[in-house]
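K.L.:
Before anything else, here's the structure in question.
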Amino acid sequence: MTTYAQAVQTIRRHLPLEDMADDLRPLVHYATLAASSHNTQPWRFRCERRRIVIRPDLARRCPVVDPDDHHLFVSLGCALENLLQAARAAGFQGHMDFDAASSETRVELEVAPVERSALFEAIPRRQCTRSEYDGRALTTGELQLLEQAGRGEGVSVHLLSDRRARDKVAEHVAEGNRLQFANPAWKSELREWLRYSAAEAIARGDGLYGPVMGSPSAPRWLGSLATRFALSAGAQNRRDVEGIRRSGAIAVFVSEADDPRHWLEAGRCYQRLALQATVLGIAHAFINQPVEVAALRGRFTEAFGVGGARVDLVLRLGRGPTMPASLRRPVESVIDVPG
Ligand SMILES: Cc1cc2nc3c(=O)[nH]c(=O)nc-3n(C[C@H](O)[C@H](O)[C@H](O)COP(=O)(O)O)c2cc1C
């Protein structure tokens, strides 16, 4: 029987890229190691000769937490960034083109010198780490590297490290928790993506497994009973407020325009920043509550003077203990066979 740790090792690994010939599946493997909202992995890939097409898997939408598909497109952007990093490591320059009408992103692969960057090397290790960090500030040099990695076309990243800003972020996150936990539809959507036991997490290869989130592993009946009581704004706030207080910095991603093209770009920016953080030994976790609740988004923008048309994502960064990593579905299950 495969243990959870073995399943993680099998999924989160480097693949040989030297003799790929016309088989582009190894690039898709790297794309699938990207972050995605609730670990929904809302992507489908079509491999053609020297071209990969990425399209949204609308069956994996989360209409309550993500009614306009913002997070879905951000997740596709995360996968796209990994794909482009892996393409360079395989000796291709990827040229991307997003078609707003079909929501498809085409990546044309042009032969180029092999470039195995530090960001590429970090792809299997990058993960969201929801542990408590040690409260140490990040250095100016680290903040500069993170800012360079996290900015893109029409997307900027603001790194807030002073104490007052962090306290203010914590207030907004707590308000977001209060509103989200008061919404039964939001809770029931979240529950659909919870995976309680290792066997269930391995069989599904997606969703949020208890120990990854800091909860124990349990049989489904017990886990679902326990979360009925444990899923509360109060419990979440205690974790989040302390988590934010003990972070070294907060990252806020902002798009100049509020449309899928920019959401895709915001995903690429997050993924690069997260890979750069991994290279530096810095952990991160999302604290998106204040930007997921539409009514709070405007207030958050004003409170921090971050401008832009859409605050996309909020993260806490710092150093702390690692947590179990999340799984993915096998590459074969996300590839469309060309018709
Ligand atoms: C757009 C987006 C929004 C997310 N929002 C949250 C969030 O609010 N809270 C959280 O704990 N994780 C959040 N995540 C992290 C995902 O749950 C995580 O990427 C997924 O479970 C896979 O795990 P990994 O990133 O560690 O590989 C988000 C990820 C994305 C891409």
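The values are calculated or read from the model by the stated rules, or taken from the named source; none is laboratory data. No experiment lies behind these values; they were computed from the predicted model shown. Here Cβ is always computed from backbone atoms with ideal geometry, including for glycine, and neighbour counts include all displayed protein chains. Please note that ligands, DNA and RNA were not included when accessible areas were found on the heavy atoms of the full protein model with its side chains. Shrake-Rupley method; radii C 1.70, N 1.55, O 1.52, S 1.80 Å.
K.L.:
Which pairs turn up if I take residues in the stretch 273-292 that are farther than 19 Å from G308 by Cα and look for partners that are open to solvent by less than 10 Å² (accessible area, probe 1.4 Å) and of a type in the set (D, E) with beta carbon separation below 9 Å, at least 6 apart in sequence or on another chain?
P.N.:
Listed pairs, sorted by first residue: L275/E81.
K.L.:
Taking the condition closer than 29 Å to R116 by Cβ, in contact (Cβ under 8 Å) with a residue 40 or more places away in the chain, more than 10 Å from the ligand (Cβ to nearest atom) and touching a helix residue (DSSP H, G or I) at 6+ places or on another chain (Cβ under 8 Å), does V241 pass?
P.N.:
Taking the combined requirement at face value, the residue does not satisfy it.
K.L.:
Still on this structure: So A295 ticks every box in (1) more than 14 Å from the ligand (Cβ to nearest atom); (2) of a type in the set (A, V, I, L, M, F, W, C); (3) in contact with a Pro (Cβ under 8 Å, 6 or more places away or on another chain) but one. Which box is left unticked?
P.N.:
Looking at each condition in turn, A295 falls short on (3).
K.L.:
What number of residues within the stretch 310-339 satisfy the criterion of being surrounded by 16 or more Cβ atoms within 10 Å (Cβ to Cβ) and either in a strand (DSSP E or B) or within 16 Å of the ligand (Cβ to nearest atom) (or both)?
P.N.:
Of the residues in the stretch 310-339, 19 are surrounded by 16 or more Cβ atoms within 10 Å (Cβ to Cβ) and either in a strand (DSSP E or B) or within 16 Å of the ligand (Cβ to nearest atom) (or both).
K.L.:
Still on this structure, please answer the following. Just the residues that are outside any loop (DSSP other than H, G, I, E, B), of a type outside the set (F, W, Y) and either more than 14 Å from the ligand (Cβ to nearest atom) or open to solvent by 20 Å² or more (accessible area, probe 1.4 Å) (or both), please, taken from the stretch 209-232.
P.N.:
Once the filter is applied, which keeps residues that are outside any loop (DSSP other than H, G, I, E, B), of a type outside the set (F, W, Y) and either more than 14 Å from the ligand (Cβ to nearest atom) or open to solvent by 20 Å² or more (accessible area, probe 1.4 Å) (or both), the stretch 209-232 yields P211, M213, R220, L222, G223, S224, L225, A226, T227, R228, A230.
K.L.:
Now for a different question. Looking at R164, R178, R191 in this structure, which one is under 22 Å from the mean Cα position of the chain (by Cα), surrounded by fewer than 19 Cβ atoms within 10 Å (Cβ to Cβ) and farther than 26 Å from R13 by Cα?
P.N.:
R191
Residue by residue, here is whether (1) assigned to a helix (DSSP H, G or I); (2) more than 20 Å from A31 (Cα to Cα); (3) charged (D, E, K, R); (4) not assigned by TED's automatic domain parsing to the domain that holds E256 holds:
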{"residue": "T105", "(1), (2), (3), (4)": "no, no, no, yes"}
{"residue": "E115", "(1), (2), (3), (4)": "no, no, yes, yes"}
{"residue": "L146", "(1), (2), (3), (4)": "yes, yes, no, no"}
{"residue": "L159", "(1), (2), (3), (4)": "no, yes, no, no"}
{"residue": "R166", "(1), (2), (3), (4)": "yes, yes, yes, no"}
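K.L.:
If the requirement is being touching a strand residue (DSSP E or B) at 6+ places or on another chain (Cβ under 6 Å), among the aliphatic types (A, V, I, L, M) and either part of a helix (DSSP H, G or I) or surrounded by fewer than 22 Cβ atoms within 10 Å (Cβ to Cβ) (or both), which of these qualifies: A101, A21, A5, A87?
P.N.:
Every option except A87 fails the conditions.
K.L.:
Same structure again: Name the residue that is farthest from the chain's Cα centre (by Cα), counting only residues in the stretch 40-61 that are within 16 Å of the ligand (Cβ to nearest atom) and open to solvent by less than 10 Å² (accessible area, probe 1.4 Å).
P.N.:
I54
K.L.:
Please go through (1) within 16 Å of the ligand (Cβ to nearest atom); (2) polar (S, T, N, Q); (3) under 30 Å from D259 (Cβ atoms) for S156 and return the number of the only condition it doesn't satisfy.
P.N.:
(1)
K.L.:
If only one of A266, A201 is touching a His at 6+ places or on another chain (Cβ under 9 Å) and assigned to a helix (DSSP H, G or I), which one is it?
P.N.:
Checking each option against the conditions leaves just A266.
K.L.:
Now for a separate question. Can you run down the residue pairs with Cβ atoms below 9 Å, 6 or more apart or on separate chains, where the first is in the stretch 141-163 and under 17 Å from F286 (Cα atoms) and the partner is at pLDDT below 95 and of a type in the set (F, W, Y)?
P.N.:
H158/F304; L160/F304
K.L.:
Here is a follow-up. Looking at G307 and the list (1) in contact with a strand residue (DSSP E or B) (Cβ under 8 Å, 6 or more places away or on another chain); (2) open to solvent by 40 Å² or more (accessible area, probe 1.4 Å); (3) away from the ligand (no atom under 15 Å from the Cβ); (4) under 29 Å from D99 (Cβ atoms), which single condition is not satisfied?
P.N.:
(2)
K.L.:
Residues in the stretch 18-58 that are farther than 19 Å from C78 by Cβ, without any contact (Cβ under 8 Å) to a residue 60 or more places away in the chain and among the aliphatic types (A, V, I, L, M): how many?
P.N.:
1
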